[in-house]
Amino acid sequence: MNLKKILISPFVLLIRFYQVGISPFLPSACRYEPTCSQYTLEALQKHGLFKGGFLGAKRILSCNPWGGKGYDPVPEKGCKHKH
């Protein structure tokens, strides 16, 4: 197991717990596709703890009635994120 996977694994577990144990009992409220939790999970896996965590936090903070909505995939490595 490489260092990146070791660093993100606690956060991946927390997100998975939320997706399986909490989210199904809450009304669907995410304005984006993929959902904010799935986006954060993918961002961590693709970009690592710091950049992926930053992208995930930025996405979660913009998921509100005054923020954006619609399809917003995780950017590829090396791409600027327009969020």
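The values are calculated or read from the model by the stated rules, or taken from the named source; none is laboratory data. Since the structure is predicted, the reported quantities are computational estimates derived from the model, not experimental observations. Virtual Cβ from ideal backbone geometry, glycine too; neighbours counted across all protein chains shown. Ligands, DNA and RNA are stripped out before the accessible areas are found, and what is left, the full protein with its side chains, is counted by its heavy atoms. Shrake-Rupley method; radii C 1.70, N 1.55, O 1.52, S 1.80 Å.
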So H83 ticks every box in (1) touching a strand residue (DSSP E or B) at 6+ places or on another chain (Cβ under 7 Å); (2) modelled with pLDDT under 95; (3) not charged (D, E, K, R) but one. Which box is left unticked? (1)
Is there any pair with a first residue in the range 10-23 that is closer than 15 Å to C36 by Cβ and a second that is of a type outside the set (V, I, T) whose Cβ atoms are under 6 Å apart and which are 6 or more apart or on different chains, and what are they? F11/L44; I15/S37; I15/L41; Y18/S37; Q19/S37
List pairs: first residue in the range 38-63 and open to solvent by 50 Å² or more (accessible area, probe 1.4 Å), second residue outside any helix (DSSP H, G or I) and of a type in the set (G, A, S) anywhere in the structure, Cβ distance under 7 angstrom, at least six positions apart or on different chains. none
Kindly list, by first and then second residue, each pair from a residue in the range 65-83 that is closer than 14 Å to Y32 by Cβ and open to solvent by less than 100 Å² (accessible area, probe 1.4 Å) to a residue that is at pLDDT 90 or above and part of a loop (DSSP other than H, G, I, E, B), limited to pairs with Cβ atoms under 6 Å and residues at least 6 apart or on different chains. H81/P75
Restricting attention to the range 24-34, the residues that are under 15 Å from V74 (Cα atoms) and without any contact (Cβ under 8 Å) to a residue 12 or more places away in the chain number exactly 0
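Hey, can you tell me all the residues within the range 1-37 that are of a type in the set (S, T, N, Q) and open to solvent by 30 Å² or more (accessible area, probe 1.4 Å)?
Of the range 1-37, the ones of a type in the set (S, T, N, Q) are 2, 9, 19, 23, 28, 35, 37.
Selection gives N2, S9, Q19, S23, S28, T35.
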